[in-house]
Amino acid sequence: MSSELLADLRTTTRQALSAGTGDVVDELDLAGLLVDSGRGGLGLGDREMVLVGTELGRALSPSAFLSTAVLAVALLAPGDTAAADETLAGVVAGDIRCAVALFDSESCWAATPAVDATEADGGGWLLSGTMWGISTPSRPHVILIHDGAALFAVAAGDVQIEVEDQLDPSRGLIKLELSRTPGRLLATPAVEAIATAYRRGLLAVGAEQLGVARACLDMSVEHAKSRNQFGSPIGSFQAIKHRCAEVFLDVELAQAVLDHAVQTGVAADAELAFVVATRAALSSTDACIHIHGGIGFTWEHPAHRYLRRARVNATVMGASATHRDAIAASLGIDTEL
């Protein structure tokens, strides 16, 4: 997509988010953003995904974008069964919204089996286990689960779903309890699809973190220019200027690393982009609250909502040590020493 079309996509996404009439995935028909045009999608890629993710972070808008348009599509697109094709077609058409199980009982990306899958006597599969995942703002229709090798779909009505995270309920973290729950086999093997979903998830959440960081930087700078203390704007004080400058450097570095990760398509680069963007989000939200002074600590000001999102996003794709270990491994560094 050309720079002009990217600018149009950014403007359109911002307008839809500002209107606040519904999920931007529905408003702009973004469920098929990453799906080939031959299968009914928009045929776009990681650059466009990151752009939308950044705007979602700026607006803190609840959305099915991460769970459905990014993770679910990445898992379903390479599927080798009619069930996978059928589910993907429903997603693109806007008829199906997906939740995706991300974590096992140890709260890390489920590269190891997170669910026990056994074949049922009359056909189909029975799934058991406890796991955590990402859901849509409203109740999903389908939950996608993998056991490290194969991908399954479970009807949401057959699963006990609990909202798991109260720090930021709009993030959509859920806890799933399965006990011999009927499931459909969508793809096997699904190892490559799982890896793609993980890489794109890192980029999408990293983009959200960048959007959070930019929003907080803008709020901080605007407040520093308009708030007067001792007869001068507080932005003229050295401590405030330095704090804003430090956040600006963090944000610009995060943007550069994220752009590089999009260009290379390498998993280790996505890990680094996520880590750097998360650092920018955490530093900017912290600075935003402090620069706003007393009002920054109130619930009436939106600063705390950005802080909540940044904190939850920091672990939504796994513990921070997981990402740092992956980056070290890509450089040949043994973290066990």
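Residues that are touching a Leu at 6+ places or on another chain (Cβ under 9 Å) and closer than 23 Å to Tyr198 by Cβ within region 234-268 comprise Ala254, Gln255, Val257, Leu258, His260, Ala261, Val262, Ala267, Ala268, listed in sequence order.
Scanning region 1-14 for residues being over 11 Å from Phe65 (Cβ atoms) and within 21 Å of the chain's Cα centre (by Cα) gives a total of 6. Checking each residue in region 146-172 for being assigned to a strand (DSSP E or B) and at pLDDT 90 or above picks out Leu151, Phe152, Ala153, Val154, Ala155. Considering region 306-335, the residues that are part of a loop (DSSP other than H, G, I, E, B) and at pLDDT below 85 include one that is most open to solvent (accessible area, probe 1.4 Å), namely Asp334. Scanning region 67-92 for residues that are among the charged types (D, E, K, R) and either part of a helix (DSSP H, G or I) or closer than 22 Å to Val312 by Cβ (or both) turns up Asp85, Glu86.
Quick grid of which residues meet (1) surrounded by 24 or more Cβ atoms within 10 Å (Cβ to Cβ); (2) within 30 Å of Val251 (Cα to Cα); (3) aliphatic (A, V, I, L, M):
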| position | (1), (2), (3) |
| --- | --- |
| Ile134 | yes, yes, yes |
| Val163 | no, no, yes |
| Ser170 | no, yes, no |
| Gln209 | yes, yes, no |
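Is there a residue being more than 27 Å from His260 (Cα to Cα), modelled with pLDDT under 90 and assigned to a strand (DSSP E or B) anywhere in region 188-203? Within region 188-203 (the criterion being more than 27 Å from His260 (Cα to Cα), modelled with pLDDT under 90 and assigned to a strand (DSSP E or B)), the answer is no, since none of the residues qualifies.
Residues that are touching a strand residue (DSSP E or B) at 6+ places or on another chain (Cβ under 9 Å) and either closer than 19 Å to Val251 by Cβ or in a helix (DSSP H, G or I) (or both) within region 40-66 comprise just one, Leu66. Could you tell me how many of the residues in region 120-136 are in contact with a Lys or Arg (Cβ under 9 Å, 6 or more places away or on another chain) and part of a loop (DSSP other than H, G, I, E, B)? Looking only at that region, the number is 4. Exactly one residue out of Leu56, Leu71 is within 17 Å of Val154 (Cβ to Cβ) and crowded, with 17+ Cβ neighbours inside 10 Å, and it is Leu71. In region 18-36, the residue that is nearest to the chain's Cα centre (by Cα) out of those that are open to solvent by 20 Å² or more (accessible area, probe 1.4 Å) and within 19 Å of Asp95 (Cβ to Cβ) is Asp23.
When region 233-265 is examined, which residues are found to be open to solvent by less than 40 Å² (accessible area, probe 1.4 Å) and either polar (S, T, N, Q) or over 27 Å from the mean Cα position of the chain (by Cα) (or both)? Passing the criteria: Ile234, Gly235, Ile240.
Can you tell me which residue among Thr11, Thr81 is among the hydroxyl-bearing types (Ser, Thr, Tyr) and out of contact with any strand residue (DSSP E or B) (no Cβ under 8 Å at 6 or more places or on another chain)? One residue alone meets the criteria, Thr11.
The values are calculated or read from the model by the stated rules, or taken from the named source; none is laboratory data. Small disclaimer: the values here were computed from a predicted structure and weren't measured. All Cβ positions, glycine included, derive from the backbone under ideal geometry; neighbour counts span all protein chains shown. Ligands, DNA and RNA are excluded from the accessible area calculation, which covers all protein heavy atoms including side chains. Shrake-Rupley method; radii C 1.70, N 1.55, O 1.52, S 1.80 Å.
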